[in-house]
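Asker: Here it is, the structure in full.
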Amino acid sequence: MVDDVRLDDMTLMRDAWAQIDLDAVTHNAQQIRALVPSHVLLMGVLKANAYGHGAVEVAHTLVEAGYDAFAVATLQEGVALRKAGITQAILLLSQPPLHAIPLLVEHEIMPTVNTVEFAIELGEAALSTGKCASYNLKIDTGMSRFGLQVHEVIEFLDTISFHRALKLWGTFTHFATVGTVDWPMQDQLKRFEQCLALMRDAGYDPGIVHAANSAATILCPQTHFNMVRTGIALYGLHPCEQTRSKIDLQPVMSIRARALQVKHLPTGTAVSYGRLAQVNKPTDVVVIPLGYADGLPRRLSGKMDVLHCGLRMPQQGAICMDACMAFVQHSTPSTQRMPAVEPGDELVIVGKQMDGEITMDELAHKAGTISYELMCSLGRRLNRVYIKRSGAYSPLS
Ligand SMILES: *Cc1c(COP(=O)(O)O)cnc(C)c1O
């Protein structure tokens with residue numbers, strides 16, 4: 001397996017890393033493809049550097065898997081994809097400042113537009129370069145975030161429709177609730193369909209209609225329309241409990257580190273800031289070069305485990321900025337003896353190791369957050385090591 005792991009020089013400079021399994025991305029993309037009718041387009045959501053997984057590498061993998069379009073949260077994220085050679089449609093999920101318009105036009109990144117002023121400036125900028133600017137209209141059907149409310153849409157379109165250099169590429173909405181086909185979501189869906197009908201009645205073609213995030217894609221076929229926008233499922237995590245029985249997803253990110261030091265400490269020795277943890281019998285304590293600056297929430301101090309040989313060691317003491325400590329003993333009673341840890345041994349903070357597994361969901365739950373936030377945090381500073389066994393694309397070659 002190690003033969004397939006490509007490391008760049010910097011990756012080797014620190015014994016803590018995020019391992020990104022691009023084959024799992026491919027698997028998850030295929031699972032999503034199989035759930036959705038073949039005429040429905042697939043948009044991969046790559047905001048926040050693909051939820052911490054590395055947008056460029058994930059995008060190339062998704063292009064190979066047949067994804068048609070991508071969504072980002074910032075102009076910078078879109079430009080980075082263009083510079084990496086991504087030619088598919090890229091949607092910016094909200095309206096950026098007016099001064100972003102020249103770059104949007106230059107890189108053919110579609111903004112979500114919600115003011116007349118922005119639309120006209122976008123059209124003018126496109127006209128001056130001989131292009132036509134594609135944009136998306138976001139309908140706020142109940143999230144109260146980006147976009148126009150249903151009653152504002154026709155007036156908006158009436159005001160800007162004279163402009164020849166503007167093209168409504170797509171019309172979309174976003175659900176505030178995930179999970180079952182519950183009432184709030186049905187309500188949003190109804191409002192969205194009403195809006196589409198109003199647009200068509202007024203002679204406006206809504207273009208590519210899209211609404212579904214991962215949860216809706218997996219659970220509610222009536223939300224598929226012309227395209228689905230999947231994020232979390234591509235990264236192998238479930239958006240909610242109800243999707244677990246519907247689709248087989250493989251986690252993409254695992255968080256690994258090598259034991260930096262192992263010290264044998266006598267009873268009564270305190271560990272880490274505040275001396276909150278104490279050794280209550282002579283114990284080997286492992287120093288792990290991974291801390292809260294790497295996205296490991298400090299509030300997990302003393303509440304999480306670390307895998308060694310697939311067995312759980314309890315993390316103890318305050319998590320530091322760049323390190324944390326674990327005790328070489330079982331966090332739960334076990335008949336198996338914890339093998340001694342040597343400096344350089346590979347430890348797993350999130351992921352599988354032999355028969356053991358710590359999931360992103362487990363750690364997020366213990367930290368009082370959701371997997372989305374934890375993935376973004378852990379993917380920010382750590383070096384990413386990509387694994388890919390199949391296909392032609394190798395991200396670091
Ligand atoms: C983040 C986001 C998605 C993807 O959501 P997942 O739950 O990760 O699938 C889809 N659409 C919009 C507008 C988003 O902001």
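Values quoted throughout were computed directly from the atomic coordinates according to the rules given, and no laboratory measurement underlies them. This structure is a prediction, so every number in the text was calculated from the model and none was measured. Note: ideal-geometry Cβ built from the backbone for every residue, glycine included; neighbour counts use all protein chains shown.
Asker: With the radius of gyration and the Kirkwood radius both derived from the Cα set of the chain, what is their ratio Rg to Rh?
Answerer: Reported Rg/Rh, Kirkwood definition of Rh: 1.05.
Asker: Could you state the angle between the C-alpha long axis of helix 55-64 and the longest principal axis of the C-alpha atoms of the chain, as a value from 0 to 90 degrees rounded to the nearest 10?
Answerer: That works out to roughly 70 degrees.
Asker: Loop only per DSSP, at most 16 neighbouring Cβ atoms within 10 Å: give me the chymotrypsin sites (Phe, Trp or Tyr not before Pro) in the stretch 174-268, ordered by residue number.
Answerer: On the way: sites: F175, F192, Y204, F225, Y235; in loops: F175, Y204, F225.
When the chymotrypsin sites (Phe, Trp or Tyr not before Pro) of the stretch 174-268 are filtered for loop state and at most 16 Cβ neighbours within 10 Å, nothing remains.
Asker: If you average the C-alpha positions of the stretch 143-167 and of the stretch 252-284 separately, how far apart do those two centres end up, in angstrom?
Answerer: Each part reduced to its Cα centre gives a spacing of 58 Å.
Asker: Mind checking which aspartates and glutamates have their Cα closer than 19 Å to the Cα of K131? Skip sequence neighbours fewer than 8 apart in that chain.
Answerer: Cα-Cα hits under 19 Å: E106, E108, E117, E121.
Asker: Let me ask another. Relative contact order for the stretch 177-239: what percent, with Cα pairs under 8 Å and sequence separation of 6 or more?
Answerer: Working: 65 pairs, mean separation 18.6, N = 63.
Reported as a whole number, the value is 30 percent.
Asker: Using +1 on the beta carbon of Lys and Arg, -1 on that of Asp and Glu, and nothing else charged, what's the dipole of the chain about the Cα centre, debye to 20?
Answerer: In debye, rounded to 20, the chain gives about 780.
Asker: Sticking with this structure for a sec: Need the full-extension length gain, F162 to S38, defined as separation in residues times 0.36 nm minus the C-alpha distance. One decimal, nm.
Answerer: Between F162 and S38, full extension yields an extra 41.2 nm.
Asker: Semi-axes of the stretch 269-344's equivalent ellipsoid from the Cα gyration tensor, sqrt of 5 times each eigenvalue, largest first, rounded to whole Å?
Answerer: 20, 14, 11
Asker: Follow-up question, since we're still on this one. In what sequence, highest mean first, do 20-30, 193-203 appear when ranked by Cβ atoms within 10 angstrom?
Answerer: The densest-packed peptide leads the list: 20-30, 193-203.
Asker: Relative to the longest principal Cα axis of the chain, at what angle does helix 183-201 sit, 0 to 90 degrees, rounded to 10?
Answerer: Its long axis makes an angle of about 30 degrees.
Asker: Would you compute, from DSSP H runs of 4+ residues alone, the mean residue ellipticity of the chain at 222 nm, taking -39500 (n - 2.57) per run and dividing by the full residue count, rounded to the nearest 500?
Answerer: -8000 deg cm²/dmol
Asker: Lysines within cross-link reach of K138: Cα-Cα under 16 Å, excluding same-chain residues under 8 positions apart?
Answerer: Leaving aside lysines fewer than 8 places away in the same chain, those within reach of K138 are K167, K190.
Asker: I'd like the orientation of helix 22-35 relative to the chain: the angle between its Cα long axis and the longest Cα principal axis, in ° from 0 to 90, rounded to 10.
Answerer: Tilt of helix 22-35: around 50 degrees.
Asker: Counting DSSP beta bridges with both partners in the chain, what percentage is antiparallel, nearest 5?
Answerer: 50
Asker: Could you calculate the contour length gain from Q30 to I370, that is, 0.36 nm times the residue separation minus the distance between their Cα atoms, to one decimal place in nm?
Answerer: 119.9 nm
Asker: If we count other beta carbons within 10 Å of each Cβ, what is the order of I288, I154, fewest first?
Answerer: In increasing order of surrounding Cβ atoms, one gets I154, I288.
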